[in-house]
Amino acid sequence: MNLETKVIHGGQRPESSTGAVMPPVSFSSTYVQESPGVHKGFEYSRSHNPTRYALERCVASLEGGQVAGDATGGGFAFASGLASMATCLELIDSGEHVIAMDDLYGGSYRLMTRVRERSQGLKVSYVDMTDPKRIEAAITDRTKLIWVETPTNPTLKLVDLAAVAAIGRRHNLITVCDNTFASPILQRPLELGFDIAMHSATKYLGGHSDAVGGILVTNRPDLAERLRFMQNAIGSILGPMDSYLVLRGIKTLAIRMERHCRNAAEIATRLEAHPRVERIVYPGLESHPQHALAQKQMRLGGEPAGGGMITIWLKGGLNDSRRFLQRVHLFSLAESLGGVESLIEHPAIMTHASVPPDKRKALGIDDNLCRLSVGIENVEDLWRDLESALR
Ligand code: P1T
């Protein structure tokens, strides 16, 4: 099946007792047993839930999980993107070493540095993986895992996934890609050799800003077995209603991503020419420092696609950015991204406040940086909103 079909049919089958085309939202917390240990494969809803399974099978199919013999083909859904990351980090033991991309969602950075460095004795090296050679230089005899975001949040740097997967294999490291910004429609890390793809399902997968969730997908049977154990043992699962909402959202993921990309490409081109914009980063623009990699790695229907996220640095300082952000109307000033509606935010004050100021400065997350999540509204309406706020 192609992706446009998988979003609708991947891992799905009509419900056996009624033929319902969409899975019922299965709220029961427990399942009756005929005799101790004799049941229909469902014991307790933390361990097994049919609605969550339907979502997990669908995302596993989109990301190319397909672990034979696993109940969901290697897909696992969690209460949030960060809950999925927290469970994934349990794959490694205390005192071991992680190499992480230097630009990450602020909450991902916070989980590693302010929680797991203390509670798990995790050692984390933050490396600018735009040059994958820097990864090999950071490997120690305790390194176990490479954590990548591409495009990164918020500076939209790219990481060559095939190159990093090769490094991971050479050194026997687990490779994880947070694929939230691209979505599986544009980029599939497992196909490029990664071990695990991760998502904040809160974003493009759900797509309607009405559910918080997280996903891990693997195609390695050994990792699927360990993740299945930990999903149940730790228990930060996605509930049935949110599983249903994300699954429902995914039905239109392919068609939404087309419009997100088309709108963002148009807006990025116009912003790049705008006199009040000092600098813009968008993977679909030739001016992106890794445009060639973007064209190779991020594709939609066989054509290059830049995604729906744009980052701009405005001329002026914090007050000018504040004025701009207060004056947009169609773009809602809010954290998050990937919904049908356009959002805009100020990472230094909002999503990346937990990244220390010196690190923000080194990454370019300045007071004049604004991040746009371009929605699927009419592009001329969106442009009028931005242009009048810039004026
Ligand atoms: O919010 P949650 O579902 O827990 O997902 C965390 C997360 C993980 N990875 C990436 C790349 C993310 O962007 C996020 C969440 N990001 C935002 C809320 C934001 O506005 O950037």
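The values are calculated or read from the model by the stated rules, or taken from the named source; none is laboratory data. The structure presented is a predicted model; accordingly, all values stated were derived computationally and were not measured. Using ideal geometry, Cβ is built from the backbone for each residue, glycine included, and neighbour counts are taken over all protein chains shown.
The set of residues in segment 336-376 being more than 15 Å from Thr311 (Cβ to Cβ), of a type in the set (Asp, Glu) and free of Cβ contacts under 8 Å to residues at least 40 places away in the same chain consists of Asp358 alone.
Within segment 339-364, track down each residue that is assigned to a loop (DSSP other than H, G, I, E, B), surrounded by 18 or more Cβ atoms within 10 Å (Cβ to Cβ) and within 12 Å of the ligand (Cβ to nearest atom). The answer is Gly339, His346, Pro347, Thr351, His352, Val355. For Asp242, the test of being in the same structural domain as Ala68 (by TED's automatic domain parsing), farther than 30 Å from Val98 by Cβ, acidic (Asp, Glu) and within 16 Å of the ligand (Cβ to nearest atom) is failed. Of the residues Ala233, Ala292, Ala268, the single one that is in contact with a Phe, Trp or Tyr (Cβ under 7 Å, 6 or more places away or on another chain) and away from the ligand (no atom under 16 Å from the Cβ) is Ala268. What about Thr51, is it surrounded by 15 or more Cβ atoms within 10 Å (Cβ to Cβ), among the β-branched types (Val, Ile, Thr) and over 30 Å from Gln290 (Cβ atoms)? Yes, satisfied. Suppose the filter is modelled with pLDDT of 95 or more, in contact with a helix residue (DSSP H, G or I) (Cβ under 9 Å, 6 or more places away or on another chain), over 28 Å from Asn2 (Cβ atoms) and surrounded by fewer than 23 Cβ atoms within 10 Å (Cβ to Cβ); does His274 pass it? Here the answer is yes, as His274 does meet what is asked.
Please indicate, with yes or no, whether at least one residue in segment 175-183 is part of a loop (DSSP other than H, G, I, E, B), at pLDDT 95 or above and surrounded by fewer than 23 Cβ atoms within 10 Å (Cβ to Cβ). The answer is no; no qualifying residue exists.
Return yes or no: is Glu225 more than 30 Å from Asn368 (Cα to Cα) and charged (D, E, K, R)?
On the way: more than 30 Å from Asn368 (Cα to Cα): yes; charged (D, E, K, R): yes.
Answer is yes for this residue.
All conditions but one from (1) assigned to a helix (DSSP H, G or I); (2) touching a Leu at 6+ places or on another chain (Cβ under 7 Å) apply to Ala163; the one that does not is (2).
Can you pull out every residue in segment 306-332 that is hydrophobic (A, V, I, L, M, F, W, C) and within 12 Å of the ligand (Cβ to nearest atom)?
Listed by number, the list holds a single entry, Met309.
Applying the criterion of being more than 9 Å from the ligand (Cβ to nearest atom) and assigned to a loop (DSSP other than H, G, I, E, B) to the residues of segment 184-203, the residue that is farthest from Glu225 (Cα to Cα) is Gln187.
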